[in-house]
Amino acid sequence: MTEVEKKNMSTGKKTAIVIALIVVLIAGYFTLNIYRLYFAPNVTENQKYLYIKTGSNYDDLVSEIKKKDLLNSVSSFTAAARKMNLAASVKPGRYRLKKGMTNRTLINMIKAGNQDPVKLKFQNIRKKENFAAYLANNLEADSLSFIKVLDSAALISKYGFNQDNVYAMFIPNTYEMYWNVSPVDFFERMHKEYEKFWTADRKQKAASLNLTPAQVYTLASIVDAEALYDKEMPIIAGLYLNRLNKGILLQADPTVIFANNDFTVKRVTGKLLQVQSLYNTYKYAGLPPGPIMMPSINAIDAVLNRDNNNYIYMCAKEDFSGYHNFAETKAEHEVNAKKYREALNKRNIFK
């Protein structure tokens, strides 16, 4: 091989090496860029959730991400989002964020609408406006939107309720649903849960008491308000059913407190008892028009499985243990009530 040939071969090798290096560098650049766009950790730990409101578009989404400082690199996200056509399928919802999540994972999650459901747990909520406020704090819609549904005569009558007893449709429990559920869809979901709860067995037990499910719920709300301990619930339920069956006024203090809309009251006396309200069971016979709170499932079942007793009267025990003294006669009750009044007076409890 001549010197010229050797020189040309050496030059060719160098050229090949340079070209190979250029190819490797270009490939590395594209690989690094692809990694940076799609596979590099990008989500911060600043927020647990990304909330995309109903009606939001891609620009709204990017604005929210910037405002909440959710990403280390917004530019890499927007570049990846363009290539993955996120703008065409931004789905509203509540999305769980994890530190180090990649753009690709986040974008796919939003496009698929893979939300993290909200857990709603409600019980012992007194009024519809309190319930609406609770829902608004946990779901997208505001409290006014929920109130409008709860007060919609056309909607609630379709399910056999009215504005007084619609509360009876909500069975206190823990439920999972999406953050952006509409108030109407929420209502319909709760009605399905109501129908699931009221099995044939429960309905038969209610009928045997000459009560509708809504009336059972209303009585359960009084029982729950009276009972500090679940084991007393069937006894109290039996007592109130005895009064109902005998046509005796219920005279339930919690209904008077509800009628006066003053839940700081510790002692129901005089002026409070004069309130003109169908919820004042010292003045009006039978059950009030609707529940005074959301009772527990235990309270509902306590009514359905009432204790077969002959009690007509009850009074809180004078030891303030939360238990009650029960009585069949007025004379027995007066003895119990006197002991409790004296205990209240000793503690200077007048309201």
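The values are calculated or read from the model by the stated rules, or taken from the named source; none is laboratory data. These numbers come from a predicted model, not from an experiment. For neighbour counting, all protein chains shown are included, and Cβ atoms are generated from backbone atoms with ideal geometry for every residue, glycine included. Please note that ligands, DNA and RNA were not included when accessible areas were found on the heavy atoms of the full protein model with its side chains. Shrake-Rupley method; radii C 1.70, N 1.55, O 1.52, S 1.80 Å.
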| field | So Ile222, is it within 19 Å of Tyr311 (Cβ to Cβ), within 29 Å of the chain's Cα centre (by Cα) and either acidic (Asp, Glu) or modelled with pLDDT of 95 or more (or both) | value | yes
| message | Looking at the stretch 191-199, can you tell me whether even one residue there is more than 27 Å from Tyr323 (Cα to Cα), touching a helix residue (DSSP H, G or I) at 6+ places or on another chain (Cβ under 7 Å) and part of a helix (DSSP H, G or I)? | response | yes
| request: Taking only the stretch 245-271 into account, find how many residues are hydrophobic (A, V, I, L, M, F, W, C) and either loosely packed, with under 13 Cβ neighbours inside 10 Å or touching a strand residue (DSSP E or B) at 6+ places or on another chain (Cβ under 7 Å) (or both). | output: 1
| Which of the residues spanning the stretch 217-235 are open to solvent by 50 Å² or more (accessible area, probe 1.4 Å) and part of a helix (DSSP H, G or I)? | Asp230, Lys231
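Each row is one residue, and each column tells you yes or no for (1) without any contact (Cβ under 8 Å) to a residue 40 or more places away in the chain; (2) open to solvent by 70 Å² or more (accessible area, probe 1.4 Å); (3) within 23 Å of Ser208 (Cα to Cα); (4) not in a helix (DSSP H, G or I).
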{"site": "Ala237", "(1), (2), (3), (4)": "no, no, yes, no"}
{"site": "Arg243", "(1), (2), (3), (4)": "no, no, yes, no"}
{"site": "Gln276", "(1), (2), (3), (4)": "yes, yes, no, yes"}
{"site": "Asn280", "(1), (2), (3), (4)": "yes, no, no, yes"}
{"site": "Val303", "(1), (2), (3), (4)": "no, no, yes, no"}
{"site": "Asp319", "(1), (2), (3), (4)": "yes, yes, no, yes"}
{"site": "Tyr340", "(1), (2), (3), (4)": "yes, no, no, no"}
{"site": "Asn348", "(1), (2), (3), (4)": "yes, yes, no, yes"}
| query | Is it true that some residue in the stretch 201-216 is in contact with an Asp or Glu (Cβ under 9 Å, 6 or more places away or on another chain), touching a residue at least 24 places away in the same chain (Cβ under 8 Å) and surrounded by 20 or more Cβ atoms within 10 Å (Cβ to Cβ)? | reply | no
| message | Looking only at residues that are within 13 Å of Tyr240 (Cβ to Cβ) and not β-branched (Val, Ile, Thr) in the stretch 272-294, which one is farthest from the chain's Cα centre (by Cα)? | response | Ala285
